[in-house]
Amino acid sequence: NNSSQLSSLPLHILLYVNGIYYIFYFLATLAMIIYKSQVFSYPDDLLAPDLAVLFLMAILEVPRLYLGFKGNLTEAEAPLGLSLGLTVGSVVLCVYLLQWQTYVLWADVLLNAVLLSAYGLESGLKVTAIAAFVS
Amino acid sequence: PADTRDAARVRSAPAPITDVARLCVCDLLVAQCDVNCCCDPDCSAEDFSLFTTCSVPVVIGDSQLCSQKAAVYSLDVEANPPERIFKLIDQVNPSIFCIHAANYEQALYLKSPEIPTPENFDQLLEKFGGASFRAEPDSWNLDTDAQNPPEANETSRYEYGVPVQTEDAFLRLPSPVVSSWCSDANPAGFLVNQATKCIRSVSVENCDSIQALSMLFYINSSILASVFQVNITVQSIAVQSLNGMRTLLSSSDVLRLPMFLDELCINAVLGVNYHITYTDTGEIIEAAAAFVLGAISKETLSIEQSFEISFTQENTQPVPLSGNPGYVVGLPVRAGFQPQGYPFPAAFLFAALALSSNKHSQLTILQSTSTQDCLAAQGARAPVLFGYNMISGCKLRITAAMKCQPLAQTLLDVLKGQSFPEYVASFGNSQAQDVLDWVPITQLHISQQVKSPCQIPVSLGIEVKWTKYGSLVNPQARIVNVTATITTTTLKQLPSGREKIIPITSSVVFTDISSPAEPSYKAWPTINIKLPFDFFYPFV
């Protein structure tokens, strides 16, 4: 029955879990930035880029997940390819928050590492799915 | 050569040390070993063997980092001789919110201050040169008002406490600051009645050149008020002689300046009393100064000057209140007379009470003097202060030659004073026009013994009954009843040559007759439901 259904079930599950996890990740990172701005010395010209990156990542996540779901369910490789491209952007922003933020707390490291691993796994599954759809 | 030397002289602040192995807080002496300081690089092994403990056991970096280096110093007392152990370890902070990495270097260290150079000196002085500075230097202006000339609309209206401005600076009221020496920089505040005394050092030979001893110093500047300036006029001049006796001069328009004459400095200012008159809108319209000039002898090194300022509203007579409205404990009880020619109660309502002849319209009581002789202590009275029970007295020496009637009259004068008032103010701020606010003094006579031809008063007891009036949380004291009781006794005729001493007393007692307070509550709101009269139309 694999031949009749090309959509990848693990990818679908992962995308779903990623969506829920991302909401938690966004709220937790925002709360921690607020905490850092109160406890540490956080000048405005360093706070602005960090917040911008976080919100940009949130804006990218929505179409990324939507295109991922759509591409996987309709077995079309174009949306899935687009989603893969957006994932690359999200990975870059995630690495920024992991490495180049003004203050990187231990909790930041954990959250970003989990998100990066999810992105990595997703990308692998998407590539597999595209290969399955194309052939 | 000059500019290269200048360039070389521009130094920067020393770089902050962040290596924990090199930081030592207890290393205070340079090139010497500090006692019990285990991190001091100037100490040798022999010095360490003499230490008892390490005053600084560990030096760590910021404890908010996830892992930081720590230098641990300890003394091994077991070894012989004791030696210092130095360990550099990594300390881990297990908190989940510890800083794993900080990409902002200045986050964890204090900011290095700017080193002043000829270029930025002016800007730094402007920012930090005052007594205090803020983060926003542009909005904070530290100049004193005396330097900027005030605008006209600012001086037209004075508010309570605002310094009274004159042409050059402020109206000065010299007062003691910190010590008893006079400071001329104390401005007089509007509506703030002040009386100060301070000491000024003088050199009598040059007393005509000392500004603060001359009348001109106190009246030469005119007060700024609305559109015109008010000159300070000389109200009166009293001359005080060396033994302290004061004489009021009849003409006060001649300016008397100090001069050195016959080993004395005459016309030196010993006291100034300013009287400022203002309108009810806060504009100053008149200013007068009453001087006390005196003579200073050559040996005097310092004199005491007294200054006073009082503000009066125009067209009013200043009467100090004893409370507003209830009496304040410690303030004098106010009293007055019913004016002559109004014997009938009906006329009361249209007449105002004349305040008693005591300068401050107070109820007074005999004041005990050091001589304790009733006949010698003429006129020394003390004001009755609300809430303070007082007793005073004197001793009367009776000789055989004294006649009864004049003695009784004299004693009555001694006890009651020259003009004993008839009414006492019920509230501290009772006005003379409101006759109903005044309580009449009830006079009682008690004879100690059987009526005999000669009765002399020996004691006066004033009992003031007061009550708490008004709200429960802020009760006001109100005088309800005043009774003056004169107790008389018989004077027995003495055999000639003998004399007797009898004590004369007068007392004031304040009794609180307030009834217990009743808390009262607002009535419950009633629900007023009424149906409209045609509610049951068409059935009714």
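To the nearest µm²/s, what D does Stokes-Einstein give for chain A at 20 °C and 1.002 mPa s, using the Kirkwood radius over alpha carbon pairs as Rh? Approximately 136 µm²/s, per Stokes-Einstein.
The protein assembly as shown gives an Rg/Rh value of 1.23, both radii derived from C-alpha positions and Rh following Kirkwood.
Note on chain B: with charges restricted to the Cβ of Lys and Arg (+1) and Asp and Glu (-1), its dipole about the Cα centre is near 3920 debye. Mean separation of Cα pairs under 8 Å and 6 or more residues apart, divided by the residue count, gives region B:29-105 a relative contact order of 25 percent.
Approximating the spin labels as points 7 Å out from Cα along Cα→Cβ, the A:Gln38-to-B:Ile398 distance works out to 8.8 nm.
The fraction of all Cα pairs in region B:29-105 landing in successive 10 Å bins from 0 to the largest distance is 19, 37, 24, 17, 4, given as whole percents.
The modelled label-to-label distance for the pair A:Ala78/B:Ser496, using points 7 Å beyond Cα in the direction of Cβ, is 15.1 nm. Pairs of Cα atoms nearer than 8 Å and 6+ residues apart set the relative contact order; for chain A it is 33 percent.
Helix A:44-74 and the longest principal axis of the C-alpha atoms of chain A enclose an angle of approximately 10°. Computed over all pairs of different Cα atoms, the Kirkwood value for the hydrodynamic radius of region B:162-319 is 16.2 Å. Per atom type, the protein assembly as shown shows carbon and sulfur on 59% of its accessible surface, probed at 1.4 Å. For chain B, hydrophobic long helices are taken as DSSP H runs at least 15 Å long by C-alpha position along their axis with mean Kyte-Doolittle hydropathy of 0.5 or more; these are B:404-416.
The share of alpha-carbon pairs in region B:471-540 lying farther apart than 20 Å comes to 72%. Would you mind pulling out the separation of the Cα centroids of region B:418-440 and region B:24-79, in Å? Distance between centres, Cα-based: 81 Å. Our summary gives chain B a relative contact order of 8 percent, counting only alpha carbon pairs under 8 angstrom and 6 or more residues apart. Shielding value for A:97-107 is 5, the average number of Cβ atoms from other chains within 10 Å of each residue's Cβ. Derived value for region B:354-500: Kirkwood hydrodynamic radius 17.3 Å. Basis is the mean of 1/r over every pair of different alpha-carbon atoms. Annotation: cysteines of the protein assembly as shown without a disulfide-compatible partner (Cβ-Cβ under 4.7 angstrom) are A:Cys94. Counting Cβ atoms of other protein chains within 10 Å of each Cβ in A:37-47 and taking the mean gives 2.
Peptide B:91-100 is shielded by partner chain Cβ atoms: per residue, an average of 4 of them sit within 10 Å of its Cβ.
Tell me what chain A gives for mean residue ellipticity at 222 nm when only DSSP H runs of n ≥ 4 count, each as -39,500 (n - 2.57), the sum divided by the residue total, rounded to 500 deg cm²/dmol.
-30500 deg cm²/dmol
What the Cβ-Cβ distance of B:Leu412 and B:Ser183 gives, at R0 = 41 Å and to the nearest 0.05, is a FRET efficiency of 0.20. Taking amide H as placed 1.01 Å from N in the peptide plane, B:Cys454 has its amide H under 5 Å from the amide H of B:Leu491, each at least 5 places away in sequence or on another chain. The modelled label-to-label distance for the pair B:Thr117/A:Lys70, using points 7 Å beyond Cα in the direction of Cβ, is 6.0 nm.
When A and B come together, around 1200 square angstrom of accessible surface is lost from both chains combined, probe 1.4 Å.
Extents of chain B, taken as max minus min of Cα coordinates on every principal axis and listed largest first, are 115, 111, 69 Å.
Averaged over residues, the count of other Cβ atoms within 10 Å places the peptides B:410-416, B:125-131 in the sequence B:410-416, B:125-131, highest first. Solvent-accessible surface of region A:9-134, taken per residue with a 1.4 Å probe and all protein chains present: 47 Å².
In plain terms, the chain from B:Phe533 to B:Glu159 could stretch by 128.4 nm, reckoned as 0.36 nm per residue minus the Cα-Cα distance. Angle of helix A:106-134 to the longest C-alpha principal axis of chain A, folded into 0 to 90 degrees and rounded to 10: 20°.
Highest mean packing first, where packing is the average number of other Cβ atoms within 10 Å per residue, the peptides A:36-45, B:239-248 line up as A:36-45, B:239-248.
The values are calculated or read from the model by the stated rules, or taken from the named source; none is laboratory data. Treat the numbers as computed from the prediction; the structure is a model and nothing was measured. Ideal geometry is used to build each Cβ from the backbone, glycine not excepted, and the neighbour counts take in all protein chains shown. Remember, those area values only see protein heavy atoms, side chains included, never the ligands or the DNA or RNA. Shrake-Rupley method; radii C 1.70, N 1.55, O 1.52, S 1.80 Å.
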